[in-house]
Amino acid sequence: MEVKPLFPSVSFFNLGLRMADIVNKPEVSKFIARMYEVLAALIAALMALFIYLGVSTPMGTLGILAVVTLSIVEVVMLLLLRSLYQTRYLLTQDNLVIKTTRLIGGEKIIPLKTVESIERTLIPFGIRLFGASFHGGYYQIPGLGRAFLAITNFKDGLLIKTRLGNYIITPKNPESFKEVIEVKTCL
């Protein structure tokens, strides 16, 4: 079976990778990105309102506390938005590396020799245990159990079952990415 290059325009020399390594930058859902952008804008508007009320009325400590709290939430929202665009999947000779920020669980290294199966899937509904809604983290998924999700859209899902746990990712060109993993793992 001939493996076609997934991303011929990516310069591996600029990324400091070996020629055999594949970097997959997933497509980001406009809905997810806009949701985080709108929430960040609403929080900024609330901050402006509390600053205005703090200056024009005697709100005192309560107003300062509200602005500080909203500032912290605003920073987290902007970091989540940045994280969404920085998600990558790196396929090396021996590992699949899911690169995410610490906000949703950090980088996960999956040895390819532990992969039991890989299949296309819809993004399932689950109970979030840790992480960010619509982006990733640890979830309890009915019928599957605990899984780590690193998703950027709702359509390109790959379920990777390993001896170490379950992972759901959304690579660009999921069928091609799946085929490359199957070739490397002899599935």
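Quick notes on this one:
- Where strands (runs of 3 or more DSSP E) sit wholly within region 76-138, those with at least 1 residues that are surrounded by fewer than 16 Cβ atoms within 10 Å (Cβ to Cβ) and among the aromatic types (F, W, Y) occupy 127-132.
- Filtered by the rule that a residue be surrounded by 23 or more Cβ atoms within 10 Å (Cβ to Cβ) and either modelled with pLDDT under 90 or part of a loop (DSSP other than H, G, I, E, B) (or both), region 152-171 gives T152, T170, P171.
- For region 172-179, the count of residues that are part of a loop (DSSP other than H, G, I, E, B), within 21 Å of E27 (Cβ to Cβ), more than 14 Å from the chain's Cα centre (by Cα) and touching a residue at least 12 places away in the same chain (Cβ under 8 Å) is at least one.
- So S133, is it hydroxyl-bearing (S, T, Y) and at pLDDT 90 or above: no
- Only one entry in R102, R82 is basic (K, R) and either in contact (Cβ under 8 Å) with a residue 60 or more places away in the chain or farther than 30 Å from K184 by Cβ (or both), namely R82.
- If you go through region 31-75 and pick out every residue that is outside any helix (DSSP H, G or I) and surrounded by 13 or more Cβ atoms within 10 Å (Cβ to Cβ), you end up with 1.
The values are calculated or read from the model by the stated rules, or taken from the named source; none is laboratory data. Since the model is a prediction, treat every value here as computed from it, not as a measurement. Backbone-built Cβ (ideal geometry, glycine too); neighbour counts: all protein chains shown.
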